[in-house]
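Okay, so here's the structure we're looking at.
The values are calculated or read from the model by the stated rules, or taken from the named source; none is laboratory data. In this text, all values refer to a predicted model and were calculated from it rather than measured experimentally. In this analysis, Cβ positions are derived from the backbone assuming ideal geometry, glycine residues included, and neighbour counts consider all displayed protein chains.
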Amino acid sequence: MVEIAIKVENLTKKFGDVVAIKSLSFDAREGEIVGLLGGNGAGKTTTISMILGLLIPTSGTLEVLGTDMLRHRYRVLPRINFSSPYVDLPKRLTSRENLMVYAKLYGVASPQDRLSELAAGLAIDELLNRPFGELSSGQKTRVSLAKSLLNEPELLLLDEPTASLDPDTADWVRTYLKDFQKKRGATILLASHNMAEVERLCDHVVMMKRGRIVDRASPAVLLEKYGRATLEEVFLDIVRDRSIPGAQQVAH
Amino acid sequence: MQAIKPSHADRGYYFSPRRVGAMVLRYFYLLRGSLPRIIELSYWPTMQMLIWGFMSQFLYEHSEWFFRAGGILIAAVLLWDVMFRSNIGVSISFLEEMWSRNLGQLFASPLRPYEWACALLMISGIRTLIGVVPAALLAIPLYHYSIFEMGLPLIAFFMNLLIFGAAVGLAVSGLVLRCGLGAESLAWAVIFAVAPLSGIYYPISTLPDWLQPIAYSLPSAHVFEGMRAAARDGVFLFDRFVWSVSLNMGYLALGMAAFLWAFRVARHRGQLLQMGE
């Protein structure tokens, strides 16, 4: 039976008088790849932070892998992981040391074996003994991705996972993620500005604007609904408030 | 996928030595990877000890009080360094995570804040030993003074100052988490506010009458009074020991509460993903 991996209901986050997220509701089924799309300041990272428990919402409910994340986040945290450009790993530690520390934090049974497996899979063998701070941004992204896969998460939250990669490596990483998702049956929530990436990877897309959901559907349905050839055009229609005849937006 | 079974991990008191060990390992890697850092740890205590050791020798020849209490200044400076190093050990290790922009990664993992605090206390103890023991050993051939001759009372003094320094370090770390990296200089500064009231180099009776009760509200004041009694008269003042332990329990609880409160506030304000250089 397919279950709900993420269930967000009426989630609101205010910072003083500023409403960053307003009455957000969506869900992601187990084994799905869901894309969070939106311009800068749309609330994608804030949403991911709340799902991880790094940020406490002002109101609303949040269930992750069947557990109330606001009350029992420590039940869930060993089973999920994330990667984001807004965080880093300690720069003076080597990549191997960083990954070893996180493997132990996540309680990985055989850290060395898992590390070797990921190093081979993500082609970071040669980076393992170098200080993390000395890596290029693309190399850092790959090591951070390895960190996010250490515990073979059932739910993986990715914020701009290929932002600093060259097209070849980015394509290779997408293939790797897709394979991981198929093998593990994992759910992936992906925040990205790369429309081609979202179109290729995601089963469903949640379009956000100024902290609200403005539309959600599969990429194919969105293309048809907006009468556009690419998701990028749909995205531009939404962020620029272009009115599309026949397009029905989700009211909140 | 399997349904989640409620486990003891859900309850607030769940504690994992493995995760504490992982964080200690993280700071050990940091130390191991930098020889200058290791040298720096023992450099300042050694310099302090040298200055105060020569001063002590001078006073020893010109003061009757010091004649009866040889080495008292060296013991004072070494024990002050225990408190200072312990405080810095917690604060700097904490700041390392902020400088590295690693807080978001850490607290999206199963690590609990109180497990991290325990790791900070442990690594602070290790850093303090690395810093102070070489200086204490050097005092033996240089000044023919061994602080280790105090015996068991030395362990009591050491542990009390270690815990007090760490408690202050936790509270300061909480403050830096609350206020941001702009307040990072507090990590070095706050402990010096405690120094004049601790009676490190002089008896508490030297302080004005109205200030003495305030001084005695600090565990460090009891420790340094006890240290002087042990060095001068060879006695262990048990009442001072009980006072310092009792006060330390309170200060450690306060430090931990301040740290956890700041962490909670940071989760409300979204600071865990934002903070860093």
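Listed by first and then second residue, the pairs linking a residue in segment B:211-236 that is under 19 Å from B:S86 (Cα atoms) to a residue that is assigned to a loop (DSSP other than H, G, I, E, B) and among the β-branched types (V, I, T), with Cβ atoms under 8 Å apart and 6 or more places separating them unless they lie on different chains, are B:S220/B:I200; B:F224/B:I200. Each residue in segment A:68-112 was checked for being in contact (Cβ under 8 Å) with a residue 24 or more places away in the chain, out of contact with any strand residue (DSSP E or B) (no Cβ under 6 Å at 6 or more places or on another chain), more than 7 Å from chain B (Cβ to nearest Cβ) and among the small types (G, A, S), and 2 of them qualify. Going by the structure shown, is A:G53 at positive phi, touching a Phe, Trp or Tyr at 6+ places or on another chain (Cβ under 9 Å) and at the interface with another protein chain (Cβ under 8 Å from one of its Cβ atoms)? In short, yes. Among the residues of segment A:99-117, just one is buried (at least 24 other Cβ atoms within 10 Å of the Cβ) and over 14 Å from B:L111 (Cβ atoms), namely A:L99.
Can you say whether B:V172 is crowded, with 22+ Cβ neighbours inside 10 Å, part of a helix (DSSP H, G or I) and not acidic (D, E), as far as the supplied structure shows? In short, yes. When the residues of segment A:65-98 are filtered to those that are of a type outside the set (S, T, N, Q) and assigned to a strand (DSSP E or B), the one that is surrounded by the most Cβ atoms within 10 Å (Cβ to Cβ) is A:I80. Total residues in segment A:27-50 satisfying the condition of being within 14 Å of chain B (Cβ to nearest Cβ) and in contact (Cβ under 8 Å) with a residue 60 or more places away in the chain: the figure is 12.
Rundown of residues vs (1) in contact with a Cys (Cβ under 7 Å, 6 or more places away or on another chain); (2) crowded, with 19+ Cβ neighbours inside 10 Å; (3) within 14 Å of another protein chain (Cβ to nearest Cβ); (4) assigned to a helix (DSSP H, G or I), yes/no style:
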residue: B:V77; (1), (2), (3), (4): no, yes, no, yes
residue: B:D81; (1), (2), (3), (4): no, yes, no, yes
residue: B:G89; (1), (2), (3), (4): no, yes, no, yes
residue: B:G104; (1), (2), (3), (4): no, yes, yes, yes
residue: B:L111; (1), (2), (3), (4): no, yes, yes, no
residue: B:E115; (1), (2), (3), (4): no, yes, yes, yes
residue: B:S124; (1), (2), (3), (4): no, yes, no, yes
residue: B:R127; (1), (2), (3), (4): no, yes, no, yes
residue: B:V133; (1), (2), (3), (4): no, no, no, yes
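Helices (runs of 4 or more DSSP H) fully within segment B:178-277 that include at least 2 residues being charged (D, E, K, R): B:219-233, B:238-269.
Evaluating A:K183 against the criteria (1) of a type outside the set (A, V, I, L, M, F, W, C); (2) touching a helix residue (DSSP H, G or I) at 6+ places or on another chain (Cβ under 7 Å); (3) more than 12 Å from chain B (Cβ to nearest Cβ) leaves one unmet condition, (2). Where residues in segment B:8-53 are modelled with pLDDT of 85 or more and of a type in the set (S, T, N, Q), which of them is surrounded by the fewest Cβ atoms within 10 Å (Cβ to Cβ)? Only one residue fits best here, namely B:S16.
The criterion of at least 3 residues that are of a type in the set (K, R) and at pLDDT 90 or above is met by the following helices (runs of 4 or more DSSP H) wholly inside segment A:159-252: A:167-184.
Evaluate segment A:136-147: report whether one residue or more is hydroxyl-bearing (S, T, Y), facing chain B (nearest Cβ under 9 Å), crowded, with 18+ Cβ neighbours inside 10 Å and within 27 Å of A:G43 (Cβ to Cβ). Yes, the conditions are met somewhere in segment A:136-147. Regarding A:E160, is this residue of a type outside the set (K, R), crowded, with 18+ Cβ neighbours inside 10 Å and without any contact (Cβ under 8 Å) to a residue 60 or more places away in the chain? Answer is no for this residue.
Within segment A:99-138, the residues that satisfy the criterion of being outside any helix (DSSP H, G or I) and on the phi < 0 side of the Ramachandran plot are A:Y106, A:V108, A:A109, A:S110, A:L122, A:I124, A:L128, A:N129, A:R130, A:P131, A:L135, A:S136. Summed over segment A:56-67, residues that are of a type in the set (A, V, I, L, M, F, W, C) and more than 8 Å from chain B (Cβ to nearest Cβ) total 2.
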